[in-house]
Amino acid sequence: MLDPRDLDDLIAIWQAGSLSAAAKRRRVAISTISRRIESLENALKLRLVDRQAKGTKLTYFGELIAKTAEPIAEQLARVNRLADGLRSEGGNLPVRLSATEFVISDILAPALSALWALGAEFPVHLQSQADVVSLAARDADIAVRMSRPEGASLIMRKLPPLHLGFFAARAYLDKRQPSDIDLVRERLLIYDDSYGRLPELVWMEEMGLRTSVALRTGSTRALMTAAISGAGIALLPVAIAQREQELVQVPTAHAPPARNPWLIVHRDLRHQPSIRVVHAWVLSTFAALVGGGNQR
């Protein structure tokens, strides 16, 4: 008899492109997903993956099975979501919220007291993830992402934009006025392409600042701490950087493009009481961020 988890693992390999990426998406060990695929191969009496020194990829049969199983897996996930909703009479089901490290640590975690004030009596799991999770596969119940996702089964709400700016420590400026700073001659600390070709990276090149970059990282917290330590001038979310007394904003002739986050929930879960509470909390948290200094 086929185990639905084994089919989910095969689909994950097909979608993610490798066994290791699939294991990360499924939040299981590589050995676990490998063992399940072997079980699936034995049940179907087909070789589904090619195991090579340079990696694992699906065979022709594996791709066919994964494509055929995908709608079945989605239907099973819908059954599970429906069962969750039917069990949620008291609204106490746990909620898994996926977002980037920055959104989790600097926006949502500091606002948890407001969530408890809304009467949330259910566990909340804040999942710090750079990868785009699949709500259809129940990798999370609700998500905040910095780019608009695709999917007919998703309910998407555009959140207020996060404005970006350059910030330096007072010690780094060394009595220089921020308005006198020429960014071309400074050490710039910016984001890398972990989240794709971000608009601010294109803007940096258009402004002729690429050769001034001394550090690239996908971590907002790393940029923040590096700037506070005096390592250079960092490109940071304005509303968050303004909280740090050691940092001073360095003006630019043209403002960097803002980040446009999205709040995402699966259509089947939108009426679940605990999901509705968390959804409202995220909306109010981002709204408060705008009112608290996100505007330039």
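The values are calculated or read from the model by the stated rules, or taken from the named source; none is laboratory data. It should be emphasised that the depicted structure is a prediction, and the values quoted were computed from it without experimental measurement. Cβ atoms come from the backbone with ideal geometry, glycine included; neighbour counts cover every protein chain shown. Heads up: the accessible areas ignore ligands, DNA and RNA and are worked out on the full protein's heavy atoms, side chains in. Shrake-Rupley method; radii C 1.70, N 1.55, O 1.52, S 1.80 Å.
Structure summary
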quantity	calculated
Residue among Arg145, Arg197 that is loosely packed, with under 15 Cβ neighbours inside 10 Å and not hydroxyl-bearing (Ser, Thr, Tyr)	Arg197
Pair list, Cβ under 8 Å, 6 or more apart: segment 83-104 residue on the phi > 0 side of the Ramachandran plot, other residue open to solvent by 30 Å² or more (accessible area, probe 1.4 Å) and modelled with pLDDT of 55 or more	Gly91/Glu121; Gly91/Pro273; Gly91/Val277
Among the residues listed as Gly62, Gly85, the single one being among the small types (Gly, Ala, Ser), modelled with pLDDT of 70 or more, touching a helix residue (DSSP H, G or I) at 6+ places or on another chain (Cβ under 9 Å) and crowded, with 17+ Cβ neighbours inside 10 Å	Gly62
Unmet requirement for Asp174, which otherwise passes all of (1) in contact with a Lys or Arg (Cβ under 7 Å, 6 or more places away or on another chain); (2) over 25 Å from Val290 (Cα atoms)	(1)
Test: Arg51 is of a type in the set (Lys, Arg), open to solvent by 30 Å² or more (accessible area, probe 1.4 Å) and part of a helix (DSSP H, G or I)	no
Count - residues of segment 154-191 that are among the β-branched types (Val, Ile, Thr) and exposed (fewer than 15 other Cβ atoms within 10 Å of the Cβ)	1
Matching option when the condition is modelled with pLDDT under 90 and open to solvent by 20 Å² or more (accessible area, probe 1.4 Å), among Leu112, Leu135, Leu118, Leu126	Leu118
Verdict on Ala226 being of a type in the set (Gly, Ala, Ser), out of contact with any Pro (no Cβ under 7 Å at 6 or more places or on another chain) and open to solvent by 10 Å² or more (accessible area, probe 1.4 Å)	yes
Filtered residues of segment 8-25 (kept if open to solvent by 10 Å² or more (accessible area, probe 1.4 Å) and more than 13 Å from Leu58 (Cβ to Cβ))	Asp8, Ser20, Lys24, Arg25
Residue tally, condition open to solvent by 20 Å² or more (accessible area, probe 1.4 Å), at pLDDT below 95 and touching a strand residue (DSSP E or B) at 6+ places or on another chain (Cβ under 7 Å), over segment 231-256	2
Every residue from segment 29-45 that is closer than 18 Å to Ala69 by Cβ and outside any helix (DSSP H, G or I)	Lys45
Ile275 open to solvent by 20 Å² or more (accessible area, probe 1.4 Å), hydrophobic (A, V, I, L, M, F, W, C) and touching a Leu at 6+ places or on another chain (Cβ under 8 Å)	no
Those residues of segment 214-235 which are within 21 Å of Ala99 (Cβ to Cβ), hydrophobic (A, V, I, L, M, F, W, C), more than 18 Å from the chain's Cα centre (by Cα) and assigned to a helix (DSSP H, G or I), in sequence order	Met224
Breaking point among (1) outside any helix (DSSP H, G or I); (2) of a type in the set (A, V, I, L, M, F, W, C); (3) loosely packed, with under 15 Cβ neighbours inside 10 Å, for Val202	(1)
First in segment 175-199 and within 19 Å of Pro237 (Cβ to Cβ) and in a helix (DSSP H, G or I), second anywhere and open to solvent by less than 30 Å² (accessible area, probe 1.4 Å) and of a type in the set (Ser, Thr, Tyr), Cβ under 9 Å, 6 or more apart	Leu183/Ser212
Segment 25-35: number of residues that are farther than 20 Å from Asp50 by Cβ and in contact (Cβ under 8 Å) with a residue 60 or more places away in the chain	1
Ala29 being at pLDDT below 80 and either crowded, with 17+ Cβ neighbours inside 10 Å or touching a Lys or Arg at 6+ places or on another chain (Cβ under 6 Å) (or both)	no
